[in-house]
1. In degrees, nearest 10, range 0 to 90: what is the angle between the Cα axis of helix 209-221 and the longest Cα principal axis of the chain?
2. How high is the FRET efficiency between residue 381 and residue 160 when r is their beta carbon distance and R₀ equals 60 Å, given to the nearest 0.05?
3. Which distance in Å, rounded to a whole number, links the C-alpha centroids of the range 195-213 and the range 67-127?
4. Once you have all Cα-Cα distances for the range 292-353, histogram them in 5 Å bins from zero and send the whole-percent values.
5. Where in the range 198-232 is the amide nitrogen less than 16 Å from a point lying 7 Å along the Cα-to-Cβ axis of residue 4?
6. How much length is gained on full extension from residue 248 to residue 143, taking 0.36 nm per residue of separation minus their Cα-Cα distance?
7. So for each of 15-21, 78-84 I average, over its residues, the number of other beta carbons within 10 Å; can you give me the resulting order with the highest mean first?
8. Please give the calculated 222 nm ellipticity per residue for the chain, where each DSSP H segment of at least 4 residues contributes -39500 (n - 2.57) and the sum is spread over every residue; nearest 500 deg cm²/dmol?
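Readers should treat all values here as calculations from the given coordinates under stated rules, not as data from a laboratory. This is a predicted model, so every value here is computed, not measured. Every residue, glycine as well, gets a Cβ built from its backbone with ideal geometry; the counts of neighbours run over all protein chains shown.
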Ligand code: NAD
Ligand code: SF4
């Protein structure tokens, strides 16, 4: 049975409301934190080993310690709720069902960082959630946990919810800041990192929803206790949104010690694959991470079981491993076509590219066109090599990670499923109808 830190009370009736949330221990971390020195909170977060839950897995305490603190310059906390990675919907679940957990984590985090203003930047498609968050903010304010002189300590904090307009690229932290400033969401070059020059050129910490929610158990338990949960550098719990060919799609909280096999087949989690089908492949961390075939998903190249944590999923590098990413776990059974799946993802990235960098702007639609050609039975073997060449020229040559994110799925698909690409090329007559490729024009 997995340990629950974030979703423990998710199914308690009325947990969305302040009163019920408070009755279940809500806002105790704020009371504890306000009695601590801000830097001591950052130290607890460092000790906890908490890593960024948005996808990159960067150590949260370390990021906080990079925050510049020039005299007289405001600092900001920005929560990245622009959750748009295909297959990823765990932040939505947190915000929708336990909004006070996020607000509580934001108060503790803002106090630690010395921020008096914090923002939640939420993706436009989550249109019903801002109202839920704003109601929670109002309740917290009425109870003296937000606004001026919080709990009589003299600390002030305002939280604002800002709605995005539906662009995937605005989840990239610097594009998000541009958008929050009212501009087009084009990513900025890093460095400088937001911790030094962020919102309105002021020091800013940008953290994912789940990361900030996890600050609550870190403070309640203490960093050292939190670090005992999990394994190695994968401390604490992680939310996984599971979808695709599984019996029980949903959001699960795991403690990162379970095997991938257990996660897919156990009734506590995904409950196996429908209709007794075989597992073909999986994208375990949202669409930006490499797809892996079943054999390498369940076991590492050394034959060891593969575990649901940052290190184990990445073991073997991209040759045989993948990444934890955002925890968007997409399962493909034996009937699924990796070629069509990759084509669909390529279409997504081509559509979402902001167009600033030539390799991404030109390369992403080019990859989509080649994939569509292959998927419709008109490809040649040279197209596979061309596709490989195009993705190679995108990776590492762009301003933001969207370029890499578009290239990696294509590279992994060719690396592990080249025979399937060749089958499409060699058997055009076997393809019927619209080839399942829909209308992408
Ligand atoms: P990154 O590795 O560039 O940065 C991680 C974080 O650490 C950033 O906040 C960055 O500012 C900070 N950082 C790194 N080095 C620093 C330094 N020297 N000083 C100060 N701060 C520093 O990765 P990223 O661009 O933030 O995120 C990429 C990831 O986002 C991808 O791996 C992908 O999995 C994920 N992603 C998630 C979603 C989603 O919906 N959750 C969508 C798209 C992509
Ligand atoms: Fe824009 Fe793509 Fe360049 Fe990112 S990599 S800045 S999305 S063109």
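1. Between helix and principal axis, roughly 50 degrees.
2. Working: r = 54 Å, r/R0 = 0.91.
So the FRET efficiency works out to roughly 0.65.
3. Spelled out, the Cα-based centre of one part sits 8 Å from the other.
4. P(r) over the range 292-353, rounded to whole percents: 4, 16, 22, 21, 20, 12, 4, 1.
5. Label zone hits: 217.
6. Details: separation 105, 0.36 × 105 = 37.80 nm, distance 3.82 nm.
Once the chain is fully extended between residue 248 and residue 143, it gains 34.0 nm.
7. Highest mean packing first, the order is 78-84, 15-21.
8. On the way: 18 runs with 185 residues, N = 441.
Helix-only estimate at 222 nm: -12500 deg cm²/dmol.
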